[in-house]
Amino acid sequence: MPTELGELLARARASKEVSLREVEAAAGINNAHLSQIESGEIERPAVGILWKLANFYGLNFDRLMRLAGHIQPKGTSSRRRSLAATALHAIDDLSPQEEQELLDFMETLRRRRGTNQEK
């Protein structure tokens, strides 16, 4: 039985007048997997897939994340989780050197925050 997420994605695909195979070619997501998401067989697709679909269809990523159950509808913590999920997806595109630079930057931020809290 289709979920709200599946129905939204199926409507978005229909409005773009593209087939599952065309979405597969453009977004790099297997068409059988897309079909399972649209039909509700897969209710909680991976964050990376939602990211690609949001970009391809021009949909709100946060909304897709909520519909898939990755974040809660409201509140600061849900916003932070959404940002964290987006950041985790972006890490997939980094080289090992860039990943290390990111980790170093995060450590710098933590140290700075610790220093500011001590004042």
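Output the residues belonging to the range 1-31 that are of a type in the set (Asp, Glu) and touching a helix residue (DSSP H, G or I) at 6+ places or on another chain (Cβ under 7 Å). Break it down into steps so the answer makes sense when it comes.
Here is the first cut: in the range 1-31, the residues of a type in the set (Asp, Glu) are 4, 7, 17, 22, 24.
4, 24 - these are the residues of the range 1-31 that are of a type in the set (Asp, Glu) and touching a helix residue (DSSP H, G or I) at 6+ places or on another chain (Cβ under 7 Å).
If I filter the range 62-85 for residues that are at pLDDT 85 or above, over 13 Å from residue 5 (Cβ atoms) and of a type in the set (A, V, I, L, M, F, W, C), do I get at least one hit? Even if it seems obvious, please write down each step before you answer.
First, pick out the residues of the range 62-85 that are at pLDDT 85 or above: 63-69.
Filter once more, keeping what is over 13 Å from residue 5 (Cβ atoms): none.
Scanning the range 62-85, I find no residue that is at pLDDT 85 or above, over 13 Å from residue 5 (Cβ atoms) and of a type in the set (A, V, I, L, M, F, W, C), so the answer is no.
The condition (being within 16 Å of the chain's Cα centre (by Cα), crowded, with 19+ Cβ neighbours inside 10 Å and closer than 19 Å to residue 69 by Cα) is satisfied by just one residue among 29, 42, 49: 49. Per this entry, residue 100 is counted among residues that are out of contact with any helix residue (DSSP H, G or I) (no Cβ under 7 Å at 6 or more places or on another chain), modelled with pLDDT under 85 and surrounded by 11 or more Cβ atoms within 10 Å (Cβ to Cβ).
Can you name every residue in the range 1-21 that is of a type in the set (Asp, Glu) and surrounded by fewer than 14 Cβ atoms within 10 Å (Cβ to Cβ)?
Residues of the range 1-21 of a type in the set (Asp, Glu): 4, 7, 17.
Result: 4, 17.
The residues of the range 4-43 that are more than 17 Å from residue 63 (Cβ to Cβ), hydrophobic (A, V, I, L, M, F, W, C) and either in contact (Cβ under 8 Å) with a residue 40 or more places away in the chain or not in a helix (DSSP H, G or I) (or both), listed by number, are 18, 29, 42. Of all residues in the range 1-51, those satisfying the criterion of being at pLDDT 95 or above and either in contact with a Cys (Cβ under 8 Å, 6 or more places away or on another chain) or of a type in the set (D, E, K, R) (or both) are 4, 7, 11, 13, 16, 17, 21, 22, 24, 38, 41.
The values are calculated or read from the model by the stated rules, or taken from the named source; none is laboratory data. What you see is a predicted model, and the numbers here were worked out from it, not measured in a lab. Reconstructed Cβ throughout: ideal geometry from the backbone, glycine too, with neighbour counts over all protein chains shown.
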